[in-house]
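The values are calculated or read from the model by the stated rules, or taken from the named source; none is laboratory data. Just so we're clear, the structure is a prediction, and the values are computed from it rather than from any experiment. Quick reminder, even Gly has a Cβ in these numbers, built from the backbone with ideal geometry, and neighbours come from all protein chains shown. Note: areas computed on protein heavy atoms with side chains; ligands, DNA, RNA excluded. Shrake-Rupley method; radii C 1.70, N 1.55, O 1.52, S 1.80 Å.
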Amino acid sequence: MTTTVLDRDQWLEMPEPSKDETDYDGRTLLCGFIDTPIGCFGVVKHSLGLVQCAFGDHMDDLSYPMIQTYSPDWYIMRDDRVAAEVWENAMSYKPQPLSFCVSGTPFQLSAWKALRHVPVGKTFSYLEFATVMGKAWAVRAIATAIANNPFALVVPCHRIIRADGTYGEYRWGAQRKEWLIHNELKHLYGEFAF
């Protein structure tokens, strides 16, 4: 099996906030938002890696649920550059290793790691994806792990579609899923991809 740049991803357990009041990095999460062609894109980032990426219709719809998850234990600092950087890197369609701070089961992590290896512009049905993972027997559990992916865009669950070829649902909206897939195809094949 060939290794790829994505094999250098780091998957770290989400740390607890530091109890030391002077440990600024150990108690701080950066939270940023940008407007995109498909709505607001928000990112929460720890000094060790990405914590969450999500889409919403407006920043107000997205910011409160994202921040509420981590308050009051963490210092939340607004920095929209983190969202802009993640968006721009993802939209360049050049795979690059990322660091993630996650809370998930080993099974979920295996699905999310495998999703990172689905190539730009390629889609798999849930069964095909489960088979590639060597877990065809667990297709429903894999579908559930995909649905609970906390990293919109950078862990590309939008590339997993229904067996009949329709796009199906997406945690952040079916229209966003369609846009992401179509945009990848345009990037690869130009305007005449359809």
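With a ≥ b ≥ c the root eigenvalues of the C-alpha gyration tensor of region 113-155, is it rounded (a/c under 1.5), prolate (a/b larger than b/c) or oblate? The shape class here is oblate. Counting only DSSP beta bridges whose two residues both lie in the chain, roughly 55 percent are antiparallel. A 1.4 Å probe, protein heavy atoms only, puts the accessible area of TRP172 near 30 Å².
Taking 0.36 nm per residue of separation and subtracting the current Cα-Cα distance, fully stretching the chain between ASP35 and ALA163 would add 42.9 nm.
At a 1.4 Å probe radius, which order do TYR70, TYR24, TYR126 fall into by accessible area, largest first? Please report the intermediate quantities before stating the final value.
Numbers: TYR70 35, TYR24 120, TYR126 60 Å².
Descending order: TYR24, TYR126, TYR70.
With a 1.4 Å probe rolled over the protein heavy atoms of all chains, the accessible area of ILE34, ILE160 falls in the order ILE34, ILE160, largest first.
For a test of understanding, tell me how many lysine pairs in the chain have Cα atoms under 15 Å apart, given they are 8 or more places apart or on different chains. Taking the Cα cut-off of 15 Å, the pair count is 6.
Volume per residue, Å³, of the convex hull around the alpha-carbon atoms of the chain? Provide the component values of the computation, followed by the final result.
On the way: hull volume 23.9 nm³, N = 194.
Measuring per residue, one finds 123 Å³ for the Cα hull of the chain.
Taking all protein chains as shown and a probe of 1.4 angstrom, PHE107 keeps an accessible surface of around 60 Å².
Could you give the angle, 0 to 90 degrees to the nearest 10, between helix 59-68's Cα long axis and the longest principal axis of the Cα atoms of the chain? Once rounded, one gets 60 degrees.
For ILE76 and LEU12, a Förster radius of 22 Å and the Cβ-Cβ distance give a FRET efficiency of 0.65, rounded to the nearest 0.05.
Can you show me the helix-derived [θ] at 222 nm for the chain, built from DSSP H runs with n ≥ 4 at -39,500 (n - 2.57) apiece and divided by the number of residues, rounded to the nearest 500. Numbers along the way, then the final one.
Working: 7 runs with 68 residues, N = 194.
Rounded to the nearest 500, it is -10000 deg cm²/dmol.
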